[in-house]
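Data block below; observations after.
The values are calculated or read from the model by the stated rules, or taken from the named source; none is laboratory data. Everything numeric here is computed off the predicted structure, so don't read it as measured data. Only protein heavy atoms, including side chains, enter the accessible area calculation; ligands, DNA and RNA are left aside. Shrake-Rupley method; radii C 1.70, N 1.55, O 1.52, S 1.80 Å.
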Amino acid sequence: MIKQAIIPLAGLGTRLLPLTSVFAKELLPINGKPGIEYILDECIDAGVTEIIFIISKKKEIIKKYFYNDNFYKSIIKKKKDPRIINEYKKILKYKKKIKFVYQNKPLGTGDAVLKTKKFIKNRYFLMLLPDDLIMKKNCSKDMIKLHKKYKASVMASMTVKKNNVNRWGIYSISKKIDKKNFIISDVIEKPNTREAPSNNAVIGRYILSKDIFKILKKQKKGKGGEIHITDSIRTMINNKFLFVGHKFSGKYLDCGSMDGYIKSTLEIAKL
Ligand code: UTP
């Protein structure tokens, strides 16, 4: 059963400067709703009951967003606005499910994941990267179904432009299961065009097993001097852990770059 999800939120968000100089990118509005709420809705709808946020001291504004009870209570007392009451109820619903852990130095996604080690209860958990929104179809739900069938780790994937491979984790396929699903035989973090085994990229949804923590503990720095989750996944694949790739059917929106964020706000309004 996948009941826990983890969400790394401790990155600096430099691609969205100047917006991120004083604000968390995950709270930026996308059609009137903070990006992180789309991610929370996806998790909850997929049956997740506990969501672990990995934040840093610099990003405590995220915690504050969910813990602003006194402010809401005083406003609701003065103004019995049903819209505000509903918004507060929604925040309370999210808050009940969220736990916070800290990664104060942004050493990389792998290091962020390692911070959740002692909180993970079952063998498998879900990880979502909040820059990647997948609309119209619940990708996490589909991946959980796949995980149940194959008792394996699962990664979401899509085809990207060949000249863009250096932005993603790029994988190779050893065997097709069906049109949308396949067995992954290797993955490389942000390869250059020559190194890339394909133009199939890993997108920010993962079902991982606790076994990754042992590998993460020993994980050396990789590209850009960061500890990447992709490098530990590669070790797991080499050690014969089964990783299934899933080509999702929803609409992908990249909210982590300025260009992508602007496009996402326009695209989502059309859905
Ligand atoms: P990215 O490296 O893609 O984004 O991390 P970033 O660091 O937030 O932003 P840029 O690249 O400077 O613009 C992917 C996800 O992993 C989290 C980020 O918050 C983001 O959600 N992350 C990254 C951490 O939690 N800790 C880290 O050390 C690095």
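Tabulated results
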{"item": "Helix 139-150 vs. the chain, principal-axis angle (Cα, 0 to 90°, nearest 10)", "result": "40 degrees"}
{"item": "Gyration tensor (alpha-carbon) shape descriptor, region 209-271, a/c threshold 1.5", "result": "oblate"}
{"item": "Two-decimal ratio, region 1-140, of alpha-carbon radius of gyration to 2.2 N^0.38 Å", "result": "1.08"}
{"item": "Segment ILE177-MET258, extension gain: residue separation times 0.36 nm, minus the distance between their alpha carbons", "result": "25.5 nm"}
{"item": "Reach of LYS3 by Cα under 15 Å, taken over aspartates and glutamates that are not fewer than 8 positions away in the same chain", "result": "ASP41, GLU42, ASP45, GLU50, ASP142"}
{"item": "Three-way shape label, region 1-67, alpha-carbon gyration tensor, a/c 1.5", "result": "prolate"}
{"item": "Per residue value of the accessible surface for region 38-115 (all protein chains in place, 1.4 Å probe), Å²", "result": "56 Å²"}
{"item": "Helix-only CD estimate at 222 nm, as mean residue ellipticity for the chain, using -39500 (n - 2.57) per DSSP H run (n ≥ 4)", "result": "-10000 deg cm²/dmol"}
{"item": "Cα long-axis angle, helix 35-45 against the chain (0 to 90 degrees, to the nearest 10)", "result": "70 degrees"}
{"item": "Region 33-104: translational diffusion in µm²/s, Stokes-Einstein, Kirkwood Rh over Cα pairs, 4 °C, 1.567 mPa s", "result": "97 µm²/s"}
{"item": "The chain - percent relative contact order, Cα under 8 Å, separation 6 or more", "result": "24 percent"}
{"item": "Whole-number percent relative contact order across region 118-271, with pairs defined as alpha carbons under 8 Å at least 6 apart", "result": "34 percent"}
{"item": "Rounded to 10°, Cα long-axis angle of helix 229-238 versus longest principal axis of the chain", "result": "30 degrees"}
{"item": "Accessible surface, 1.4 Å probe, highest first, among residues PHE23, PHE182, PHE119, PHE248", "result": "PHE23, PHE119, PHE248, PHE182"}
{"item": "Gyration tensor (Cα) of the chain, equivalent ellipsoid semi-axes in angstrom", "result": "31, 20, 19"}
{"item": "20 °C / 1.002 mPa s Stokes-Einstein diffusion coefficient of region 160-271, Kirkwood radius on C-alpha pairs, µm²/s", "result": "139 µm²/s"}
{"item": "Region 43-137, relative contact order in percent, only Cα pairs under 8 angstrom and at least six apart counted", "result": "40 percent"}
